[in-house]
Amino acid sequence: MSESADSRIKTLNFNVGVLGHVDSGKTSLARALSSTASTAAFDKNPQSRERGITLDLGFSSFTVDLPDQLRDSEAKQPYDSLQFTLVDCPGHASLIRTIIGGAQIIDLMMLVVDVVKGLQTQTAECLLIGELTCPRMVVVLNKIDLLPPNKRQSAIEKMTKRLHKTLESTRFKDCPVISVAAKPGGPEAPDTEEPQGVPQLIELLKKQTYLPKRDPGGDLLMAVDHCFSIRGQGTVMTGTILQGSLAINDTVEIPALKVTKKIKSVQMFRKPVTGAMQGDRVGVCVTQFDPKLLERGVLCTPGSLRTLYAAVISVKKISYFKGSLSTRAKFHITVGHETVMAKVTFYGLPPLGDSNTQTPPAQPCSLETPFTFDREYHYQDEYVSGQGEGSSGPDPEQWALLEFERPVTCPSLCLVIGSKLDTDIHANTCRLAFQGCLLQGFEDKAYAETSLPRLRIYKTKHKEGQVERVTDDYTVIGRNLFKKETNLQLFVGLKVTLSTGETGAIEGGFGQSGKFKIRIQEGLLPETKQLLSSASKKKGKGGGKGGNEEEPKTDSQPVSIFLHFKRYIFDPHKKMVQS
């Protein structure tokens, strides 16, 4: 009986992320909105209770009648009620990684702002995370009970105006702003006072709902946020299905532990169900598994997640980040459900005019230019911004190689966020530095030898030296292009150009001091010979023998030698290439 009843009652689960600055009253608001608190809800973390601050993603839910706009769009799945799952995200800076972990499943963001304090650092960071991960937002001005009644309305209007101005340049430009008092009198006040504005907020949330894209297909990926045992039943993992679906008797993998388990039973908010799909919040019961081994992490279809030692991502700087993004710098990288330090190498498309930049056909990807190993890329010392000197266009397309300090487990094509979480929490700066999409992962521990040589990122090198003297019409001796200790054999055969226009090739070393011989195939121009012979006459008594080190480089010799080549940074043979 219960099973057929279960298949008839169709509840649409809609995930609302409650974000905001620490102490803006997010938890009180979630509590005021909720009737059913799920196991993870409301600061159950002892550390969090002591500090009165949410430390992990708390979850709770409440169910309402299906709003009219969803009745009209009854497609293949007619729902008859709407369940709001509130994902209470921590406002702590050091816990940004938790938010990003939860942000992938959020359908609507509720940004809670303390009406007295207004926008604060973390509020801005939450906004950013919302922009990266969520299509819609509602702003809730909380704690209006703290405003004196005679000035309350004007203060609310003033703050609403300021917020709209801040949001103007974001994707949440015209989002609704509503004011409430979730816990009149503050957290310590007795519960006798009714919250203000909450029924209106519920109506607003209903208006903002839409049918989120839910796809039961593809591999299962479930974000587990709590794990505990129930005597006589087994171990329950609660979390949200990020993609795919699951059912009783399915085998699932806990990739972090390389363990597979069979699902014994499934519950959604304390009601048994036979299965669940993307977007659903579930409890999954397995047997013979120690809950201490997994507090949070992921469950997936066996073999579907990869453990990566390095990755290539598309990269875009977050405009509020004030620091520079330098190659070789280390950033906190949040990918999948993990945050790990990584060394970053930035690179982009070759500058226009570089030859050898054949473009393979485009593939469907968010980038105009998809990443492929068949293309050459130009090494960058840092991320290149389109807002540079004299230009104000969008940033050019760029990629980054991330080399992780420890391997990470994640799905392909997932969101990646780079931050500087070691920046002072109280400094009023944004610590989210860049975002991107994971395009290529390296699963081999020895990726530096096995995979990186396929990545054709090059540096261009430009060297300049001088002609020392002419030996005959087709040969000159050059200097100041190489150090004494340079192995000149590596450079034999490379093309050089003289400032007078002739081209030649390096034939080999000359003597021991780093000088070298250049063969000019077409022969020297008469005017070049003239120039060089008059210069050597001028030197005359200056002792042209070996004293070249003391001579000033520039004026003494009128003819310069230019050598241009490129080197692929991951080429084990360090070969020099000229186009």
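Overview of values
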quantity: Between the range 228-298 and the range 476-536, the Cα center-to-center distance that results, in Å; calculated: 72
quantity: Estimated inter-spin distance, R375 and Q521, nm [label 7 Å along Cα→Cβ]; calculated: 3.2
quantity: Cα convex hull of the range 180-307 - mean projected area over all directions, nm²; calculated: 11.0
quantity: Largest-first ordering by accessible area, 1.4 Å probe, given options D472, D225; calculated: D472, D225
quantity: Cross-link pairs beyond the 18 Å C-alpha cut-off, checked among K143/K183; K26/K317; K461/K483; K484/K574; calculated: K26/K317; K484/K574
quantity: Trypsin sites (Lys or Arg not before Pro) within the range 287-350, DSSP loop, no more than 13 other Cβ atoms inside 10 Å; calculated: K322, R328
quantity: Extension reserve of the K292-T274 stretch, reckoned as 0.36 nm per residue once the Cα distance is removed; calculated: 3.8 nm
quantity: Trypsin sites (Lys or Arg not before Pro) restricted to the range 161-237 and DSSP loop, no more than 10 other C-beta within 10 Å; calculated: K173, K213, R231
quantity: GluC sites (Glu not before Pro) lying in DSSP loop within the range 136-209, provided at most 15 other Cβ fall within 10 Å; calculated: E168, E188, E193
quantity: Measure of compaction for the range 258-323 (Cα Rg per 2.2 N^0.38 Å); calculated: 1.64
quantity: Net charge contributed by nearby residues that have their C-beta within less than 11 Å of L452 (K/R +1, D/E -1); calculated: -2
quantity: List F510, F371, ordered by accessible area with a 1.4 Å probe, largest first; calculated: F510, F371
quantity: Area accessible to solvent at D23, 1.4 Å probe radius, in Å²; calculated: 90
quantity: Difference of contour (0.36 nm per residue) and Cα-Cα distance, K343 to L211; calculated: 43.6 nm
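The values are calculated or read from the model by the stated rules, or taken from the named source; none is laboratory data. The structure presented is a predicted model; accordingly, all values stated were derived computationally and were not measured. Counting neighbours? That spans all protein chains shown, and the Cβs are built from the backbone with ideal geometry, glycine included. Accessible surface areas use protein heavy atoms only, side chains included; no ligands, DNA or RNA. Shrake-Rupley method; radii C 1.70, N 1.55, O 1.52, S 1.80 Å.
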